[in-house]
1. Where a ≥ b ≥ c are the square roots of the eigenvalues of the C-alpha gyration tensor, would you call the range 41-86 rounded, which needs a/c under 1.5, or, failing that, prolate if a/b is larger than b/c, or oblate?
2. Contact order normalised by length for the range 218-284, with contacts defined as Cα pairs under 8 Å and 6 or more residues apart; what percent is it?
3. Here are labelled values, [x] 156; [y] 285; [z] 196, and one is the computed volume of the Cα convex hull per residue in Å³ for what I pasted. Which one?
4. So, in nm, how far is label Arg247 from label Leu56 when the simple model puts each one 7 Å beyond its Cα toward the Cβ?
5. Which value, in debye to the nearest 20, gives the size of the charge dipole of the chain about its Cα centre, when Lys and Arg are +1 and Asp and Glu are -1 at the Cβ?
6. Quick one: of the DSSP bridges fully inside the range 253-395, what percent are antiparallel, nearest 5?
7. Determine the shape class of the range 54-143: with a ≥ b ≥ c the square roots of the Cα gyration tensor eigenvalues, call it rounded for a/c under 1.5, and otherwise prolate if a/b is greater than b/c, oblate otherwise.
8. Counting other Cβ atoms within 10 Å, keep those with at most 16, restrict to DSSP loop, and tell me which GluC sites (Glu not before Pro) in the range 176-263 are left.
Amino acid sequence: MLPILLATVMASTMITNSNTQAIPRPEHPRPDFERANWLNLNGKWQFAESDTTLDLDKVDFKEQILVPFARESPLSGINRKGFVKNVWYKRTFQKPNWNAPRTKLHIDACDWQTTIWVNNEKVGTYVGGNSPISFDITNYLKDGENTVIVHAYDDTKGGIQGTGKQAHTENSAGIFYTRTTGIWQTVWLEGVGEASVENFHVVPDVANKKFSIQAEIKNGDPSYKLRVTAYDNGKEVAVGEAPAIWRNARLELNIKSPKLWSVESPFLYDLKIELLDGNKVLDSVKSYAGLRDVAIKGRAILINGKPVFQRLVLDQGFYPDGTWTAPSDEALKNDIVLSKEAGFNGARLHQKVFEPRFLYWADKLGYLCWGEYPNYGLNHKDARGERPYLEEWSRIVQRDRN
């Protein structure tokens, strides 16, 4: 496993909660994998912190925090920079009234070891501070009001977790910056079917004017079909079907008059991925893809057969008000706009796993990205850190490979 991933990585309406308060970061966090049924849980949560790990009934939720901003950031409402190893979050929500038999709870990133309870029942624990957390919580829900509690253990100086450019001293110093403890990306619910598309991999083939697609299907059946449709500005240009059998759902989309993705012309096809039982749609996912070819010839990196000189910035991904979390989707986009206006065509995303919406804007605007794991802080002599690092990096590559 290489520590660096090279990827030519392939909006927003304000929503409110029941208290009519604006929800921060209201946009869908996964424009590359978007279902219609979803509910944003960002906003004010009850909050507590402690140096020792407490039993659930001993936690005193006496503060409030604005999720998804970490407690060290001004935008969180707490803005406390001192070290703490345990943070706790609590909020209630109404069971969604959507036509979907299963409900998933997502936390797109929480640093570092995360445990979740729904209605005081433990749902599960996840290790990794940079990749998405997802649990099916259907069997824990009840009609009406439900309660979710999240605990994060984060020992920056412990040596068993990568911290990237997060400072190991209380204040920022030199090339190290304000820490992020706990939740730092969007928390949301998603309605899915009993049978569903778990993930998919799009491989562009410029020479043969096609996309090759392989999908993983949960609870698939040989009688089900996977159908993928490609659109050019709303016009259907290709469609493919295949039996929906676990990881063997494979198909091709042949594009008759292809438009290629490049830095100068970052054209994207919209995709609709459907799981079908006859004419019944069991699951539907919106995504997109760029038709482009990447190759290496000597010292040159070629895109669509042409060498591209990479004029890259070193992007640390820290914000003065949100630390690791951008204050808005527009701020993510603007980082790329400003970089391009200054004459750059990409970035090395340094010692941080950037969120999918940044990569989405890179795809839309024509921006090359080198992805990187925030491995600084790991004590490689301590084996406890090695497996979580390797497993999480694998999950990140899978999340961003399209």
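1. Details: a/c = 2.43, a/b = 1.35, b/c = 1.81.
Judged from the Cα gyration tensor, the range 41-86 comes out oblate (a/c at least 1.5, b/c at or above a/b).
2. Numbers: 117 pairs, mean separation 23.9, N = 67.
Contact order relative to length: 36 percent.
3. Correct label is [x].
4. With each label point 7 Å from Cα toward Cβ, the separation is 3.4 nm.
5. Values: 50 positive and 49 negative charges, 159 e Å.
In debye, rounded to 20, the chain gives about 760.
6. Details: 17 of 24 bridges.
Expressed as a percentage, antiparallel bridges in the range 253-395 total about 70.
7. Judged from the Cα gyration tensor, the range 54-143 comes out prolate (a/c at least 1.5, a/b above b/c).
8. Working: sites: Glu190, Glu194, Glu198, Glu216, Glu236, Glu241, Glu252; in loops: Glu194.
Passing sites in the range 176-263 are Glu194.
Read the figures in this text as sums done on the coordinates, not as results from a lab. Bear in mind that the values here come from a model prediction, so they are computed numbers and not experimental data. Cβ: placed from backbone, ideal geometry, glycine included. Neighbour counts: every protein chain shown.
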